[in-house]
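S.K.: Please find one structure pasted underneath; my questions will follow.
The values are calculated or read from the model by the stated rules, or taken from the named source; none is laboratory data. These numbers come from a predicted model, not from an experiment. When we count neighbours, we look across all protein chains shown, and the Cβ atoms used for this are built from the backbone with ideal geometry, even at glycine. Note: areas computed on protein heavy atoms with side chains; ligands, DNA, RNA excluded. Shrake-Rupley method; radii C 1.70, N 1.55, O 1.52, S 1.80 Å.
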Amino acid sequence: MTKKKLFSEEPVEIGPESGYDNYIMAIESSCDETACAIVKNGREVIANVVASQIKTHAQFGGVIPEIAAREHMDSINIIVEEAFKQAKENAGITPKDITAFAGTVGPGLVGCLLVGLNAAKTLALVYDKPFIGVNHLNAHLCGNYLDTDLKPPFIALLISGGHTQIIDVRSYSEQNIVGETIDDAVGEAYDKVARLIGLPYPGGPKLDKMAQEGNPKAFELPEAKVDDYDFSFSGLKTAVLRLVKSFDGKELPVQDICASFQECVSSTLVKKVKKALQQSGYKQVVIAGGVAANSEIRKKMFNLSNEGYQVFAPPMKYCTDNAAMVASCAYFNTNTFDDINVEVFSRVK
Ligand code: KG4
Ligand code: ZN
């Protein structure tokens with residue numbers, strides 16, 4: 001992919017075909033993590049800094065967009081500086097060695113995205129380097145290229161707070177969504193069910209932890225009847241609500257409810273992924289997105305290796321929001337956004 005420097009017409013080759021080492025600095029600020037990373041050739045992380053706002057939002061039971069944006073403002077300069085410091089210490093890389101600067105353009109909270117994106121654009125202007133706008137969902141997929149030798153084609157299960165998709169990744173730049181949720185995203189379902197049973201924010205990881213101590217067969221919860229590769233989680237959420245009400249104020253068997261819910265979600269996800277694998281003929285499968293941190297989903301996905309599939313899942317630090325995945329995406333994905341005037345967007349267009 002050829003990109004232009006911002007102040008000159010001089011073209012710069014970026015990506016696997018460029019024939020030289022690329023160092024991409026990326027910034028991510030789409031939700032409640034301010035992150036900056038520098039990645040060599042899309043795979044080798046030489047700096048990775050994440051400032052989490054979880055503690056701030058916990059007192060409100062969820063992310064408050066205005067407060068999140070202000071926290072990004074407070075953190076952004078500090079984390080960029082820290083990333084440059086790490087790159088210098090780890091690889092002797094200085095700002096002038098950076099090949100291009102990248103930033104997440106969406107989907108996400110607009111006020112939050114603006115902070116990170118403007119910082120990335122400013123860095124590109126100051127150092128006269130190309131700028132690359134990155135889609136947050138594609139970035140989650142690319143988290144799987146970090147520290148691995150994964151190459152397309154593969155089937156990806158992208159599961160986050162806002163999305164649930166099965167994707168046919170044919171090449172680094174060619175992806176086809178084969179199925180997705182028709183209502184709630186899986187992370188959203190986790191967070192809503194967690195709230196229903198009285199678990200504090202962030203609900204998903206807490207529910208996962210409780211589930212590990214419960215009986216997955218304690219309650220039979222319904223699996224939605226939807227098209228081949230699609231998902232629906234709102235009926236399941238209602239079923240949990242009904243179950244909770246049936247206890248009529250008596251003490252809830254929280255662990256068993258969590259384990260039964262987790263069993264229902266994880267088996268549905270993996271069943272459909274398996275179907276997509278059989279249909280595609282691919283032998284590789286990856287999981288991505290914040291919910292890829294879930295213990296039972298990981299376990300069931302890794303069990304696919306007993307059936308001859310090669311399974312990839314990013315380590316926890318690259319599952320939840322981070323900027324290393326954004327840098328990898330800027331390197332591998334031919335993005336359409338690379339103009340300094342590119343704007344942020346909140347939802348998938
Ligand atoms: O990808 P991500 O960090 O942010 C979005 O782009 O949405 O994903 C956040 C979501 C939240 O819904 C959170 O509850 C969920 O991922 N999550 C989990 C676990 N860790 C994070 N859900 C279930 N089990 C987990 N261990
Ligand atoms: Zn995310």
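S.K.: Within 21 Å of the chain's Cα centre (by Cα) and of a type in the set (Gly, Ala, Ser) - does that describe any residue in segment 80-95?
M.R.: Yes, some residue in segment 80-95 is within 21 Å of the chain's Cα centre (by Cα) and of a type in the set (Gly, Ala, Ser).
S.K.: Answer with yes or no whether Gly198 is more than 9 Å from ligand 1 (Cβ to nearest atom), more than 17 Å from the chain's Cα centre (by Cα) and in a strand (DSSP E or B).
M.R.: Values: more than 9 Å from ligand 1 (Cβ to nearest atom): yes; more than 17 Å from the chain's Cα centre (by Cα): yes; in a strand (DSSP E or B): no.
For Gly198, the condition - more than 9 Å from ligand 1 (Cβ to nearest atom), more than 17 Å from the chain's Cα centre (by Cα) and in a strand (DSSP E or B) - is not met.
S.K.: Okay, moving on. Within 21 Å of Gln279 (Cα to Cα), surrounded by 21 or more Cβ atoms within 10 Å (Cβ to Cβ) and either out of contact with any helix residue (DSSP H, G or I) (no Cβ under 8 Å at 6 or more places or on another chain) or of a type in the set (Val, Ile, Thr) (or both): is that true of Ile167 in this structure?
M.R.: yes
S.K.: In addition: Return the pair list, or none, for Cβ contacts closer than 7 Å from residues in segment 328-349 that are under 19 Å from Asn22 (Cα atoms) to residues that are assigned to a loop (DSSP other than H, G, I, E, B) and at pLDDT below 80, at least 6 apart or on different chains.
M.R.: Final answer for the pair search is Thr334/Met1.
S.K.: Mind listing whichever residues of segment 279-337 are under 24 Å from Pro216 (Cβ atoms), open to solvent by 50 Å² or more (accessible area, probe 1.4 Å) and either more than 10 Å from ligand 1 (Cβ to nearest atom) or of a type in the set (D, E, K, R) (or both)?
M.R.: Matches in segment 279-337: Lys299, Phe302, Asn303, Ser305, Asn306, Glu307.
S.K.: Looking at segment 224-251 only, could you name the residues that are part of a loop (DSSP other than H, G, I, E, B) and either open to solvent by 70 Å² or more (accessible area, probe 1.4 Å) or within 16 Å of ligand 1 (Cβ to nearest atom) (or both)?
M.R.: Result: Lys225, Asp227, Asp228, Phe233, Asp248, Gly249, Lys250, Glu251.
S.K.: Moving on. Could you list, in sequence order, the residues of segment 60-83 that are within 12 Å of Ile27 (Cβ to Cβ) and buried (at least 18 other Cβ atoms within 10 Å of the Cβ)?
M.R.: Residues satisfying the conditions are His72, Ser75, Ile76, Ile79, Val80, Ala83.
S.K.: Here is a further query. Give the residue that is nearest to Ser52 (Cα to Cα), with candidates limited to residues of segment 201-214 that are away from ligand 2 (no atom under 16 Å from the Cβ) and open to solvent by 70 Å² or more (accessible area, probe 1.4 Å).
M.R.: By that ranking, first place goes to Lys206.
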